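The values are calculated or read from the model by the stated rules, or taken from the named source; none is laboratory data. The structure displayed is predicted, hence computed values, not measured ones. As a convention, Cβ positions derive from the backbone with ideal geometry for all residues, glycine included, and neighbour counts pool all protein chains shown. With ligands, DNA and RNA removed, areas are computed over all heavy atoms of the protein, side chains included. Shrake-Rupley method; radii C 1.70, N 1.55, O 1.52, S 1.80 Å.
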Amino acid sequence: MTESLVAGSPNPLSHRLFARPEIGATAAAGVILVFFLAAAPAFRSGGSFFTVLYQSSTIGIVAIGVGLLMIGGEFDLSAGVIVTTAGLANSMFCWWFGIDLWVGALLSLAFCLFIGFVNGYLVMRTGIPSFLITLGTFFVLQGANLGLTKVVTGSVTSPDISRMDGYPLLEGVFASNFDAGGVTVWGTVLWWLGFTALAAWVLQRTRTGNWVFAIGGSADSARAVGVPVVRTKIGLFMTVSFLGWFVGMHTLYRFNTLQAGNGVGNEFLYIIAAVVGGTLLTGGYGNAIGVGIGAFIFGTTSLGIVYAGWDPNWFKAFLGVMLLLAVLVNLYVKSLATSTRLLRDSPGKADDA
Amino acid sequence: MDDDVLLRMRGIVKEFPGVRALDGVDLDVTAGRVHCLLGQNGAGKSTLIKVLAGAHAPDTGTLSWQGEEVRFSSPSSAIHRGIATIYQELDLVPGLSVADNLYLGHENASAGFVRRAAQGEAAQEVLKKLGHPEIPVSREVGRLSAAQQQIVSLARALARDARLIVMDEPSAVLAHDEVANLFRVIRDLVAEGVAVVYISHRLEEIRQIGDEVTVLKDGRTLASGLPAAGTPTQQLVSLMTGRPVEYLFPSRPRRTGSAKALLDVENLSLEGKFESVSLSVAPGEIVGIAGLVGAGRSEVLETIYGARRRTSGAVTMGGRALPAGSVRAAVRAGMGLAPEERKSQALLLGEPIVRNVSLASLPRMTKVVPGWLDRRREKATAQEATGELEVRPGDVTRTVRTLSGGNQQKVVLARWLLGDTRLLLLDEPTRGVDVGARSEIYAVIRRLADQGMGVLLVSSEVPEVLGLADRVLVMREGRVVHTAPAGELDEHRVLDLVMEGIVG
């Protein structure tokens, strides 16, 4: 036992490096980027790079929340439709009552946070897996989006908001872009980077960050040492719905009108970004930078296929392969990180496999 | 003296469905002393600790802390009073650093931001106190060795400025030289006026570190305030074992001793769990393994069964050598295992009795079409097997979940009756079986043996092993320390062996 203590201490740099959650994703992102740079000449410009970043940001912002929630050991399948719900709530409320879009945006925010709270509260209160609870919320919101839009506008498209009060300012906040040396940079890219940095900071440096890891890794232990498990988990669900609201605002103020059926299926893209970025599906492991890189891989691939002139219908198949590879890489990295320990533990322990 | 009583428990009762785990426990813990809790498995020690730590609320009884009556509504309310608990089974958070793990739940933070440097230094200090300054406080716990993780979980309790530290068998997971280290730390803590409640099965440890001993038995305080160093072993052991209920054990048939061995195990080892265990079981013989939890008994069974891959040694069944780590080969050779965790490892709780019984012999239930089950035959055979073991209720379509513990165990046994099982491996066959039903299980096991089956039995309850087995192996810390016919041993002798390793 004593020599095992000594043997565990020196940890070669390669091991330390490979034990980072995002290392597999970074390597994959590099390979994919180089691949499309070689395969698609149109891809090799500053403009397309920033288009890729924009594409990544629309998925990446919500994926941060989903990633945090997954580190905390829970799922949110309603994260895709809540984006649309947020936008619809804002536009239709203001259109119906003729009030300033600012008020609508804040009401929409309150509503989204409430949905996040309900998700979290139900999961904690009933003990039903979050997969099921949020699957329920997902369908409720999907149906309500379509049904209510039909009631209010008579069609499945939300009213145009571009001439309503408060529009220019909100557009500036949520859907602006600027020119940087000849390329268009969307504001959401900056927001995305900002949120990622903030999430990374929270996870690494704050008490709340420690709690997130703890409730995902070992909720019982966390509770036994006094971590407010319920509060933290509900907070994570609300974080997801906040970020969903944010992207919903962007979509609304960029396109001025929304299709009520949008957003369905995106919840899986968020989960893929998080998993590809090294987040453990079972919780307790992962980081925000990795999720960002996962979203970047998504952006690169979805546009790379277009620039390479391939049939974009193949995109989903490609994503699926990416996901499987990512899971395999994570498994390998994880076993590498713990290999010294596992070897020393009784080698024949079949129940630990 | 009365002012020094830090914690006083009076008449604590805690009931779970079907069990009265605590039945009026009294406990006084004094500041600056090491208070040892002694008791056999099921005496209520773990439940008592959980009440102390706020994880369970007692049904009745009072708890006072520094003379003031308190109710702990959650673990954190106990923690805030200054009670820290080292549980055996609670893990660390693998994704967090050592320092973060030590201070989880009571972070040194301002405005939510963890004071990394200060916390790291404090963590370093705690580890140094424990004699392990080499453990890097910033490394993720998931990447430490198993031994280092054990040190960290110990350090976690010390990182709180606790007035009372409860340690639930800390030595069970520590290496030998770490125990000495732990004792040094305990002495330092006690000198600072901290109270320690120390739970251990090992009498020699209690003598070494303890001040006073409380003996628990069947959820009651049997004796308290016994001097840890001065009380004779005999007295402690008889307090622990004095048994109100005498079980009825079936009588043993006279054995001729010439039967050829059914199972032969030679120098079986599983690294880190047990070493060179040799044993044999003859047809019709019941061999018992006695020992404490953690002595490696269950692991021996699971390794023979192939559920764990042996490091070295040989297992021969009916003259044929079995490959390592193959449950399939073991079952084919005629072995059947009734595991300790009956509900999770052996039974499909939501399924009817018949499905549970036929599970291991489905190939024999097929009709003409391969893979197509003959439900009628399945039911008839299950009916027969459960009838033979007197499973109640007799209706095989009843869901297993609704059966009592004893009848659930019989369902597991019935499963192996159906197949060509020649050797039964039983791990704690009466765990969770109420006292009345135990004698029935014993009778069933003996009857199976009389029909020519070999039985290898593991139990924490010494009287059970002694009463049921023909031959007894005593294990201690991964080794067989003694083998003898059951008739030549008594409970005291076995407890001496498992606790202190005294041979002769």
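Comparing each chain alone with all protein chains together (probe 1.4 Å, DNA, RNA and ligands left out), the residues of segment B:295-315 losing at least 50 Å² of accessible area are B:Arg308. Shown for segment B:126-148: residues covered by the partner protein chains by 10 Å² or more of accessible area relative to the chain by itself (probe radius 1.4 Å), namely B:His132, B:Glu134, B:Arg139, B:Glu140, B:Gly142, B:Arg143, B:Leu144, B:Ser145, B:Ala146, B:Ala147, B:Gln148. Heavy-atom accessible area for A:Leu325, with the other protein chains in place and a 1.4 Å probe, reaches approximately 90 Å².
Provide A:Thr301, B:Thr397 ordered by accessible surface of protein heavy atoms (probe 1.4 Å), highest first. Before the final figure, lay out each step's value.
Values: A:Thr301 0, B:Thr397 75 Å².
Listed by decreasing accessible area, they come as B:Thr397, A:Thr301.
Sorted largest first by accessible area at a 1.4 angstrom probe radius, with every protein chain in place, the residues A:Leu281, B:Leu348, B:Leu102 fall in the order A:Leu281, B:Leu348, B:Leu102.
With 29 Å as the limit, the listed pairs B:Lys14/B:Lys343; A:Lys233/B:Lys217; B:Lys217/B:Lys343 have A:Lys233/B:Lys217 beyond it between alpha carbons.
In the context of the full set of protein chains, residues of segment A:26-347 present 42 Å² of accessible surface per residue (probe radius 1.4 Å, heavy atoms only). With contacts taken as Cα pairs under 8 Å and at least 6 residues apart, segment A:130-211 reaches a relative contact order of 10 percent.
Loop-only check: which GluC sites (Glu not before Pro) in segment B:86-140 are DSSP coil with at most 16 other Cβ within 10 angstrom?
When the GluC sites (Glu not before Pro) of segment B:86-140 are filtered for loop state and at most 16 Cβ neighbours within 10 Å, B:Glu89, B:Glu134 remain.
Computed with a 1.4 Å probe over protein heavy atoms only, the accessible surface of segment B:267-334 comes to 37 Å² per residue. Specify the angular offset, from 0 to 90 degrees and rounded to the nearest 10, of the alpha carbon long axis of helix B:176-191 from the longest principal axis of the alpha carbons in chain B. Helix B:176-191 sits at roughly 40 degrees to that axis.
Modelled label positions at A:Lys316 and B:Leu362, each set 7 Å beyond Cα in the direction of Cβ, lie 3.3 nm from each other. Placing unit charges on each Cβ (+1 for Lys and Arg, -1 for Asp and Glu) gives segment A:26-347 a dipole about its Cα centre, and among A:Val66, A:Thr157, A:Phe43 the Cα reaching farthest toward its positive end belongs to A:Val66.
For the residues A:Gly143, A:Gly116, A:Gly73, a GNM of chain A with alpha-carbon springs under 10 Å puts the largest fluctuation on A:Gly143.
Where the convex hull is taken over the Cα atoms of the protein assembly as shown, what is its projected area averaged over directions, in nm²?
Working: hull surface 172.4 nm².
Average projection, Cα convex hull of the protein assembly as shown: 43.1 nm².
Can you divide the C-alpha Rg of segment B:255-377 by 2.2 N^0.38 Å and report the result to two decimal places? Don't jump to the answer; show the numbers that get you there.
Working: Rg = 17.0 Å, N = 123, 2.2 N^0.38 = 13.7 Å.
Against the empirical 2.2 N^0.38 Å value, I get 1.24 for segment B:255-377.
Mean projection of the alpha-carbon convex hull of segment B:78-236 over all orientations, in nm²?
10.4 nm²
Take A:Val321: with every protein chain present and a 1.4 Å probe, its accessible area is about 80 Å². Between the C-alpha center of segment B:303-337 and that of segment A:256-286 there is a gap of 46 Å.
Could you compute how fast segment A:26-347 diffuses translationally, taking Rh as the Kirkwood radius over C-alpha pairs and applying Stokes-Einstein at 25 °C with viscosity 0.890 mPa s? Give it in µm² per second.
Numbers: Rh = 20.5 Å.
Taking Rh from Cα pairs, D becomes 120 µm²/s.
The contact between chain B and chain A removes approximately 3400 Å² from the accessible area (both sides summed; 1.4 Å probe; ligands, DNA and RNA excluded). Helix B:405-418 and the longest principal axis of the Cα set of chain B meet at an angle near 40°. I want to verify a result. In a Gaussian network model of chain A, Cα cutoff 10 Å, which of these has the top mean-square fluctuation: A:Gly265, A:Gly217, A:Gly65? Maximum fluctuation in the GNM of chain A, among the listed residues, is at A:Gly265.
Burial of accessible area (probe 1.4 Å, heavy atoms of protein chains only) in segment A:167-210, relative to its chain alone, reaches at least 10 Å² for A:Trp201, A:Gln204, A:Arg205, A:Thr206, A:Arg207, A:Asn210. Taking every residue in B:104-113 and counting other chain Cβ atoms within 10 Å of its Cβ, the average works out to 6. Residues B:Val137, A:Val240, ordered by accessible area of protein heavy atoms at a 1.4 angstrom probe radius and largest first, appear as B:Val137, A:Val240. Entry note, segment A:26-347: relative contact order of 35 percent, from Cα contacts under 8 Å with a spacing of 6+ residues. Taken residue by residue and averaged, Cβ atoms of other chains lying within 10 Å of the Cβ of B:114-121 number 1.
Pop out the carbon and sulfur fraction of the accessible area of segment A:26-347 as a percent, whole number, probe 1.4 Å.
Values: 9510 of 13440 Å².
Roughly 71 percent, rounded to a whole number.
Using heavy atoms of the protein chains and a probe of 1.4 Å, the accessible area assigned to B:Thr30 is about 20 Å².
Over chain B, with every protein chain in place, what whole percent of the accessible area is carbon and sulfur at 1.4 Å, could you tell me? The partial results should precede the final answer.
Numbers: 10220 of 20870 Å².
Within chain B, the accessible surface is 49 percent carbon and sulfur.
Accessible area per residue for segment B:381-467, computed on protein heavy atoms with a 1.4 Å probe, is 32 Å².
How much mean residue ellipticity at 222 nm does the protein assembly as shown get from its helices, if each DSSP H run of length 4 or more adds -39500 (n - 2.57) and you divide by all residues, to the nearest 500 deg cm²/dmol? Each step should come with its number before you reach the end.
Numbers: 31 runs with 418 residues, N = 857.
Calculated at 222 nm, the ellipticity per residue is -15500 deg cm²/dmol.
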